[in-house]
Amino acid sequence: MSLLAAGSSYCLLVLMTLSRQAYGLNRGPLGLKTNDVVLDPSIVGICASSVIIHGYKCQEIQVKTQDGYILNMQRIPEGRAGADVANRQPVLVQHGVLVDGMTWLLNSREQNLPLILADKGFDVWIANTRGTRFSRRHTSLDPSDADFWNWSWDELVIFDLPAVFDYIYDQTGQKMHYVGHSLGTLIALASFSEGLLVDKLKSAALLSPIAYLSHMTTALGDVVARAFVDEITTLFGLAEFNPKGKQVAQFLKALCAYPGVDCYDLLSAITGKNCCLNASTVDLFLKNEPQSTSTKNMVHLAQTVRDGVVAKYNYGTADYNLMHYGEAQPPVCNLSNIPHDLPIFISYGGADGLSDARDVQLLLDNPKFHDVDKLTIQYIKDYAHADFIMGVNAKDIVYNQVVSFFKLQH
């Protein structure tokens, strides 16, 4: 989802107990089912469990980064009706932290963004970042090695996104559209501000964007962020942040006991009160997510909350920062460097406890010199963080606007 979405197995069990309802007729315990046979994404993959079952073509693809990680992607080259693939513009759909590409495919077929895009004439690519269940391979490292987890979102900017962009561009020969949610917006903004990827980019849609996080309003999110800043690696001694692991569960259980923190409704405690989630979709989400990330990545996000700037990872001392960056403080991303003529669509919610409206306004101050006709802003008063990926009305409120925005770009 986003920063600390669905944080621990302990609290997840609480939420599951509260929200569990009967699955819809097309739902199974882990994925979708056909002819009463459950297709578990962890076994058969995202294409077989959640795309092909609906009548779409889908390919499972492996992409290698320059630092040796092997990333899984899905490609949906056309809609159910079929069409000339060569004439379809590519769209990359990028999830947030602690989830994978499956998070876009939890609602019914008519409500899932990748399938909507495919039916509207786009060549759709779904990313799965390093460390998630389908992207846990490396040319020389194993997930049991601490070095496998020695990365933060800096490496997603430097290695993951370029590898995926290059692969899509090589396969299609076309510039692509980009859709990011939460951390998927942060890594995109950081990339674009450094001039990366923009030569292969047609436009970008940023849903529930996070860059500045100083006004995060959820008590649990604030407590967790402060805990991560307080040298959480010494608490865990863990390189992998596995929300389903025992140590993380104990950590979150302790945080849920903090004064003012109410984990009775965990999703709201982290994201704000989502207006438009179907209980069976939340249940399915909890069966498939959360996913692992690196503890270093969580610390980096917490630094963003604490410091109020978008900057590279802070190694904690001037000497260590000098070793990595040649300066005592980590470099700050200058978001005003994003090309002024890059078409950008930003959609944010008034009830979002993570991507708070005040922080989004700080973000919007950066492109104030952006070409007026290249920047589209959508504000949805009742939306919180999860509504953008699982809201039952997201198609009508958000996705149709994203499609229209993409179609306007020539």
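The values are calculated or read from the model by the stated rules, or taken from the named source; none is laboratory data. On a predicted model such as this, the values are computed, not experimentally measured, just so you know. Neighbour counts run over all protein chains shown; Cβ positions are idealised from the backbone, glycine included. Note: accessible area is taken over every heavy atom of the protein model, side chains too, but ligands, DNA and RNA are not part of it. Shrake-Rupley method; radii C 1.70, N 1.55, O 1.52, S 1.80 Å.
Observations on the model:
- Extreme residue, least open to solvent (accessible area, probe 1.4 Å), among residues of region 238-274 that are part of a loop (DSSP other than H, G, I, E, B) and at pLDDT 75 or above: 243
- Residue in region 209-220 that is under 20 Å from residue 74 (Cβ atoms) and at pLDDT 85 or above present: no
- Selection count, region 144-166, where residues are open to solvent by 70 Å² or more (accessible area, probe 1.4 Å) and either over 16 Å from residue 296 (Cα atoms) or part of a helix (DSSP H, G or I) (or both): 2
- Taking region 372-391 as the range and being more than 19 Å from the chain's Cα centre (by Cα) and crowded, with 18+ Cβ neighbours inside 10 Å as the test, only 380 passes.
- Any pair with Cβ under 8 angstrom, 6 or more apart, that starts in region 342-367 at a residue that is in contact (Cβ under 8 Å) with a residue 12 or more places away in the chain and closer than 15 Å to residue 381 by Cβ and ends at one that is open to solvent by 10 Å² or more (accessible area, probe 1.4 Å) and of a type in the set (Asp, Glu): 349/382; 350/382; 351/382
- The listed residue being touching a residue at least 24 places away in the same chain (Cβ under 8 Å), of a type outside the set (Asp, Glu) and in contact with a helix residue (DSSP H, G or I) (Cβ under 6 Å, 6 or more places away or on another chain), out of 394, 386: 386
- Restricting attention to region 307-329, the residues that are over 27 Å from the mean Cα position of the chain (by Cα) and among the small types (Gly, Ala, Ser) add up to 3.
- Just one of the listed residues (394, 311) is at pLDDT 90 or above, open to solvent by less than 20 Å² (accessible area, probe 1.4 Å), touching a Pro at 6+ places or on another chain (Cβ under 6 Å) and not aromatic (Phe, Trp, Tyr), and it is 311.
- Counting only strands (runs of 3 or more DSSP E) that sit wholly inside region 35-143, those with at least 1 residues that are more than 19 Å from the chain's Cα centre (by Cα) and over 26 Å from residue 402 (Cβ atoms) are 59-64.
- Any hit, region 336-354, residues being of a type in the set (D, E, K, R), closer than 17 Å to residue 187 by Cβ and touching a helix residue (DSSP H, G or I) at 6+ places or on another chain (Cβ under 8 Å): no
- Residues within region 106-131 that are modelled with pLDDT under 95 and crowded, with 24+ Cβ neighbours inside 10 Å, tallied: 1
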